[in-house]
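As C-alpha cells, the structure follows; a few thoughts come after it.
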C-alpha cells in the first residue's frame, strides 16, 4: 500500500487526530478546528473536511477488513436488523443497519425504498461479508420476511416487542452526529459517513459496563494505539 500521507505537509498524527475527533464525537467541523487550535494546531475547518473525506474511508476500510476477518471466524449467534428514517433535501431515505448480539454494527446500507428488493440487497450484502447468523431479530416490517423467504432464511427470523432494542439503541450515536452535521446533503454522503462512523464506533466501543476500571483503561489504550498506526 502506498503512503496516503505522502503529498501532505501536516504530520499523520494530526490528521488521524482530526479525523477521529470529527467522526467519533458529535462535533462540527468548526468545533474540531477550535479544539485543535487549543492544542496549538492552526488549521481551518475546510481542511478538517478535506481530511475526513480523504482519509476517513481509508481508516474505516482497514478497521473493517481486520474486524470482518475476526468476526467470520466466530459463531454468528444473533443479528438485529432495523432501518432508520433520514431526511435528505426533503426526501425520505432509509438507512438499513445490522447489529450483532454485542451491539457491534456489521453493515449500513442506504436506499430510497423500504421494499423487498431493498431488504434483499441489504441481507445479501451483510451475509456475503459476515456469513449467516443463527437468528435474525427484526421488527414487523413485511419486507424482511419476504426477503428471507427468498433466500431460504425465514425460519431463523424472530420478531417481538422489545426484542430489537439492541438495534434501536445503536441508532443513537448516528442520530447525534446527524444533528451536529445539520443533516446530510445526499444519499452518497450519508452512505459514506454511515460506513465510516460504524467502523470507528466499533473500534472504540469498549462495552465499558462489562469491564472493571483497570481493564477498561488497558482496552482503551490499545484501541488508541491501533488508531495511531492506521495507514502507517
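All of the numbers you see were taken from the coordinates with simple rules; none came from a lab. Every value quoted in this text rests on a predicted model; they were computed, and no experiment measured them. Every residue, glycine as well, gets a Cβ built from its backbone with ideal geometry; the counts of neighbours run over all protein chains shown.
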Considering residues that are within 16 Å of residue 117 (Cα to Cα) and free of Cβ contacts under 8 Å to residues at least 24 places away in the same chain, the number found within the stretch 143-160 is 4
Can you list the helices (runs of 4 or more DSSP H) found entirely within the stretch 122-195 that contain at least 2 residues being within 29 Å of residue 56 (Cα to Cα) and under 23 Å from the mean Cα position of the chain (by Cα)? 165-170, 172-180
